[in-house]
Amino acid sequence: MLAALALIWVGVDILSGGAFLTPRNLWNLSVQTASVMVMATGMVLVIVARHIDLSVGSVLGVVGMVMGVTQTEFLPRLMGYDSPFIWVLALGAGVAVGAAIGLLHGVIIAYLGVPAFIVTLGGLLVWRGCAWWITSGRTVAPMDDAFRRMGGGVEGAIGSSWTWVVGVLAVAAIVWRALHARRRRQQVGFALRPVWAEVVVAGLACAGVLAVVLVANSYDLPPRVAERIAAARGLVVPPEGLSIAHGLAVPVLIAVGAGIVVTFLARRTRFGRYVFALGGNPEAAELSGVDTRRITVLVFVLMGVLCAVAAAISTARLNAATNAQGTLDELYVIAATVIGGTSLSGGLGTVAGAMLGALVMQSLQSGMVLMGLDTPLQNIVVGLVLVVAVWLDRLYRSRTLKGAA
Amino acid sequence: MSAAQPLVAMRGMSISFGGIRAVDDVSLDLHAGEVVGLLGHNGAGKSTFIKMLSGAYHPDAGEIRIDGQAVTINSPRDARRHGIETIYQTLALADNLDAAANLFLGRELRTAWGTLDDVAMEAETRQVMARLNPHFVKFKEPVRALSGGQRQAVAIARAIHFNARILIMDEPTAALGPQETKQVADLILQLKREGIGIFLISHDIHDVFDLADRVAVMKNGKMVGTAPTHAVTKDQVLEMIILGTRPSIQ
């Protein structure tokens with residue numbers, strides 16, 4: 001998967017005359033991918049549990065609208081436009097609505113026995129209609145200043161020093177995890193990997209973190225913005241111009257955070273274990289005393305919450321809530337998940353894979369924009385890549401399974 | 001043995017599916033340290049009957065007593081709480097998970113923080129499997145990659161690891177070779193010595209005749225009759241299975 005991504009990046013960079021692998025483009029790429037990435041983390045669990053969610057784009061639309069109306073029309077009447085709580089309350093309202101929608105989907109699927117495909121196909125229409133209905137189709141703008149930070153842009157980046165802090169923390173976490181896992185296995189006397197292998201794995205991960213930090217910190221703010229910030233802080237602008245880096249974008253941090261949380265849920269909690277058991281063999285899960293209906297409902301609630309987070313990123317980035325927001329996102333999210341190695345027959349998939357899948361899709365898309373390809377041609381390429389990627393994955397997998405048996 | 005209070009007493013069990021009486025007024029006892037072979041053709045109602053004990057089905061009528069106490073078993077979880085463990089014919093394994101995850105499915109060990117303690121679960125799994133199948137090494141692989149005998153061993157390990165008192169084995173040797181069948185037979189005798197009561201369900205009389213203390217035969221959802229194994233011949237039992245009539249014994 002990483003190899004495929006590297007291939008696309010290098011290939012597109014050569015074809016577009018070196019316009020792709022620039023800090024600026026990579027930074028923008030990461031911001032553009034964030035919303036789909038967040039939803040893809042949840043879609044992994046939905047698909048692993050042998051369900052599907054076709055409604056995520058529409059849920060994003062209606063939740064974005066709710067958050068937009070809450071912060072521009074409802075809350076200011078109560079607390080004025082400049083209240084520092086507006087963004088939190090708007091986000092909270094959105095998350096609550098997202099969770100409620102997920103709960104509704106989950107209950108209908110798990111307890112009334114309607115297939116997820118149908119429930120969420122209905123949801124796709126219903127929630128898109130509701131998004132329109134809330135404001136009768138009117139676009140809501142602009143968003144609250146603090147809220148807009150979640151969408152990236154000049155205000156929505158954390159600057160170079162904080163980026164270093166995040167990077168150092170990430171490296172520390174990687175090293176700690178490797179040491180901790182090794183110590184634990186040692187305690188019960190399991191076979192250990194050779195030390196050099198542990199060092200290589202952890203070293204590669206740390207190098208990856210470092211690369212991300214360096215790229216984010218070498219994309220400078222536009223000169224005029226930098227001057228304004230310098231003026232606000234009382235700094236003197238040197239004659240050769242000022243260089244202030246963006247650092248990591250807030251939406252990217254949110255997406256990575258969502259990825260970590262959902263990975264944790266999937267791998268380290270009973271809930272995640274049951275989702276995978278349910279996807280592998282629903283009857284076995286049931287006979288083992290797993291409350292499969294409850295698990296199904298929780299999966300859809302989580303999906304709804306993640307749609308709300310994605311909606312926050314997307315409305316903040318657009319600085320507006322429109323009723324068409326998120327249209328076709330369900331297809332991108334499902335495609336990213338499947339390209340990322342999640343099996344549509346259930347029981348198999350990783351969150352990290354889905355996030356990489358989202359990055360692959362977005363890389364292709366923005367690469368083709370840089371290369372100046374027409375939109376219809378872009379769609380054709382993305383469609384073909386989806387089919388070929390899944391086919392290659394199947395080939396690879398059937399071979400490794402044969403090798404194992 | 002018959003004088004003591006039975007470990008399990010099932011009385012007048014009935015269940016219907018869509019108007020068809022799959023099990024009709026069936027009663028059966030099981031004592032501690034006893035192996036009861038439940039025989040009958042495919043579709044005779046054996047599995048359905050026993051699934052009311054394992055919690056997979058809810059009976060329409062009937063009573064289950066464990067140690068003389070009437071109990072309600074509404075789910076597999078309830079059954080496990082009463083020390084009833086089942087090895088299903090399908091094994092009921094999640095093929096995408098490894099041996100430890102399957103063994104502890106529904107009863108995961110957790111760390112002090114409430115997260116899954118995979119290392120501890122793997123360590124315990126290694127211990128149980130060492131007893132059942134010393135050659136077993138594929139602890140990291142999904143059980144899909146295991147052989148029939150190894151999968152069976154995982155299913156058995158899951159049933160006996162949690163101090164079962166009542167063990168239900170549905171066609172336990174159907175998918176096994178002679179060597180593995182022998183291993184299962186040895187295990188059954190060992191568990192019996194430990195005082196566990198065992199139901200052995202099979203459509204093949206040869207699977208159970210040598211192991212069972214008693215045979216019970218079902219046909220068309222009804223109990224044909226039970227008999228101590230030493231008091232009947234295989235031919236008499238076959239007669240019960242095929243004709244559904246009680247031979248003149250005792």
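Have a look at A:THR322, A:THR269 and point out the one that is within 12 Å of chain B (Cβ to nearest Cβ) and surrounded by fewer than 24 Cβ atoms within 10 Å (Cβ to Cβ). Show your work before the answer.
On the way: A:THR322 fails: within 12 Å of chain B (Cβ to nearest Cβ).
None of the others qualify; the one that does is A:THR269.
Name the residue that is nearest to the other protein chains (Cβ to nearest Cβ), counting only residues in the range A:231-266 that are over 30 Å from B:ASP117 (Cα atoms) and either in a strand (DSSP E or B) or among the polar types (S, T, N, Q) (or both).
A:ALA249
Only residues in the range A:228-243 that are surrounded by fewer than 10 Cβ atoms within 10 Å (Cβ to Cβ) count as the first member; pair them with residues that are aliphatic (A, V, I, L, M) and not in a loop (DSSP other than H, G, I, E, B), Cβ under 8 angstrom, at least 6 apart or cross-chain, and list the lot.
A:VAL236/A:ALA230
Taking only the range A:219-230 into account, find how many residues are part of a helix (DSSP H, G or I) and of a type outside the set (Gly, Ala, Ser). Step through it out loud before you land on a result.
The initial filter retains those residues of the range A:219-230 that are part of a helix (DSSP H, G or I), namely A:223-230.
Next cut, of a type outside the set (Gly, Ala, Ser) only: A:223-225, A:227-229.
Qualifying residue count for the region: 6.
If I filter the range B:206-217 for residues that are in contact (Cβ under 8 Å) with a residue 12 or more places away in the chain, surrounded by fewer than 22 Cβ atoms within 10 Å (Cβ to Cβ) and within 16 Å of B:LEU28 (Cβ to Cβ), do I get at least one hit?
Yes: one or more hits.
Test each condition in (1) surrounded by 22 or more Cβ atoms within 10 Å (Cβ to Cβ); (2) under 18 Å from A:THR342 (Cα atoms) for A:ALA249 and report the one that comes out false.
Failed condition: (2).
Name the residues in the range A:104-118 that are in contact (Cβ under 8 Å) with a residue 12 or more places away in the chain and either on the phi > 0 side of the Ramachandran plot or buried (at least 16 other Cβ atoms within 10 Å of the Cβ) (or both), would you?
Matches in the range A:104-118: A:HIS105, A:GLY106, A:VAL107, A:ILE109, A:ALA110, A:ALA116.
Out of the residues in the range B:65-110 that are touching a residue at least 40 places away in the same chain (Cβ under 8 Å) and away from chain A (no Cβ under 12 Å), state the one that is farthest from B:LEU7 (Cα to Cα).
B:ALA99
For the range A:29-82, which residues satisfy the criterion of being without any contact (Cβ under 8 Å) to a residue 60 or more places away in the chain, touching a helix residue (DSSP H, G or I) at 6+ places or on another chain (Cβ under 9 Å) and of a type in the set (D, E, K, R)?
Listed by number, the list holds a single entry, A:ASP82.
From the list A:ARG77, A:ARG50, A:ARG24, exactly one residue is surrounded by fewer than 16 Cβ atoms within 10 Å (Cβ to Cβ), closer than 27 Å to A:LEU386 by Cα and among the basic types (Lys, Arg). Which is it? Working first, answer last.
Numbers: A:ARG77 fails: closer than 27 Å to A:LEU386 by Cα; A:ARG50 fails: surrounded by fewer than 16 Cβ atoms within 10 Å (Cβ to Cβ).
Testing whether each residue is surrounded by fewer than 16 Cβ atoms within 10 Å (Cβ to Cβ), closer than 27 Å to A:LEU386 by Cα and among the basic types (Lys, Arg) leaves just A:ARG24.
For B:PHE17, all conditions in the list (1) farther than 17 Å from B:HIS82 by Cβ; (2) touching a strand residue (DSSP E or B) at 6+ places or on another chain (Cβ under 7 Å) hold save one; what is the number of the exception?
(2)
Under the condition of being farther than 18 Å from A:VAL212 by Cα and β-branched (Val, Ile, Thr), which residue from the range A:27-47 is surrounded by the fewest Cβ atoms within 10 Å (Cβ to Cβ)? Steps first, answer last, please.
Initial filter on the range A:27-47 (farther than 18 Å from A:VAL212 by Cα): A:35-36, A:38-47.
Restricting the remaining residues to those that are β-branched (Val, Ile, Thr) gives A:36, A:38, A:41, A:44, A:46-47.
Values: A:VAL36: 30, A:VAL38: 32, A:THR41: 30, A:VAL44: 31, A:VAL46: 32, A:ILE47: 27.
Filtering first and then ranking leaves A:ILE47.
Computed from the coordinates by the stated procedures, all read-outs in this text should not be read as laboratory data. Just so it is clear, the model here is predicted, and its values are computed rather than measured. Reconstructed Cβ throughout: ideal geometry from the backbone, glycine too, with neighbour counts over all protein chains shown.
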